[in-house]
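The values are calculated or read from the model by the stated rules, or taken from the named source; none is laboratory data. Note that this is a predicted model, so its numbers are computed, not measured. Cβ placement follows ideal geometry from the backbone for every residue including glycine, while neighbour counts extend to all protein chains displayed.
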Amino acid sequence: MTAGARPRFALGLGANVGDALETLTAAVYALDDLDGVVIDEVSGVYRTPPWPAPPDPRAVPQDDFLNLVVTGLTSLDPVDLLAELQLVEAAFGRDREREIRWGPRPLDIDLLLHGDTVLDTEALTLPHPRITERAFVLVPLLEVLPGGVLPGGQRLTAALQALAPVEGIELEVRLEDVPGSRVPRPEGPVGPAPSFRRPGATDSDPR
Ligand code: A4P
Ligand code: MG
């Protein structure tokens, strides 16, 4: 398959249990390591208040999340890619049996977009059905897809404007040297957590 034939995907990553920054950093490496997946853009890491927020009765009391969005190219079809994403979630400690919906989790990976695919099955809906309701997705997504338009024609900027005023979403850090990070960044380099060591890396492995 030629590079041009591979669709572009976008993933939303969120974490609010354990060392969320370390998890998100390691998860970007883990995703790029998947067969048939190359990460080419990584947004900043944003600190975001849990969604839904009070007074919404569905709100769950929990810590703030860290969120980021990555894009990349894949030779996997959407269903196979989702299966790989769920394996990565599990590898970072996510246990669907024990968690509550929209509650705390060590790592959540949502498949936001897979090329222009539109799908509505029990296992997979594309585009992700709640993109336009969530500033914690739209803010980092617009960073990596400026001018982005959803299959169906809705502009991401219009979706974000519809949520205004957007409050409490703060840029926490930009990951440097992960797959897809762009250098130099205008804000200057800010590294991942000093304790982070890529699983399986050796001293001779520069990545
Ligand atoms: N599924 C269908 N379509 C998709 C898709 N496009 N991507 C199915 C991923 N999964 C998809 O998802 C439930 C099922 O949806 C999956 O088994 C899959 O077959 P899940 O990730 O197991 O459950 P969930 O995460 O509790 O539900 P949901 O609705 O996906 O919620 P989110 O969007 O993942 O919400 N607040 C902030 N600030 N930041 C966050 O990151 N995250 C959540 C979780 C809630 N609040 C948050 C954050
Ligand atoms: Mg999810």
* Asked: List the pairs whose first member sits in segment 127-145 and is closer than 9 Å to Ala10 by Cβ, whose second member is within 12 Å of ligand 2 (Cβ to nearest atom) and hydroxyl-bearing (Ser, Thr, Tyr), and whose Cβ atoms are under 8 Å apart, counting only residues at least 6 apart or on separate chains?
  -> none
* Asked: Restricting segment 120-138 to residues that are part of a loop (DSSP other than H, G, I, E, B) and more than 6 Å from ligand 1 (Cβ to nearest atom), which is surrounded by the fewest Cβ atoms within 10 Å (Cβ to Cβ)?
  -> Glu122
* Can you find even one residue in segment 33-47 that is buried (at least 22 other Cβ atoms within 10 Å of the Cβ) and within 16 Å of ligand 2 (Cβ to nearest atom)? -> no
* Quick one: Gly152 ticks every box in (1) surrounded by fewer than 12 Cβ atoms within 10 Å (Cβ to Cβ); (2) within 16 Å of ligand 2 (Cβ to nearest atom) bar one, so which box is it? -> (2)
* To do: Confirm whether Val149 is under 24 Å from Pro50 (Cβ atoms) and β-branched (Val, Ile, Thr).
  => no
* To do: Mind checking which strands (runs of 3 or more DSSP E) fall wholly inside segment 30-98 and carry at least 1 residues that are modelled with pLDDT of 95 or more, farther than 21 Å from Leu156 by Cβ and hydrophobic (A, V, I, L, M, F, W, C)?
  => 37-42
* Asked: Quick check, is Leu113 within 21 Å of Ser43 (Cβ to Cβ), in contact (Cβ under 8 Å) with a residue 40 or more places away in the chain and within 15 Å of ligand 2 (Cβ to nearest atom)?
  -> yes
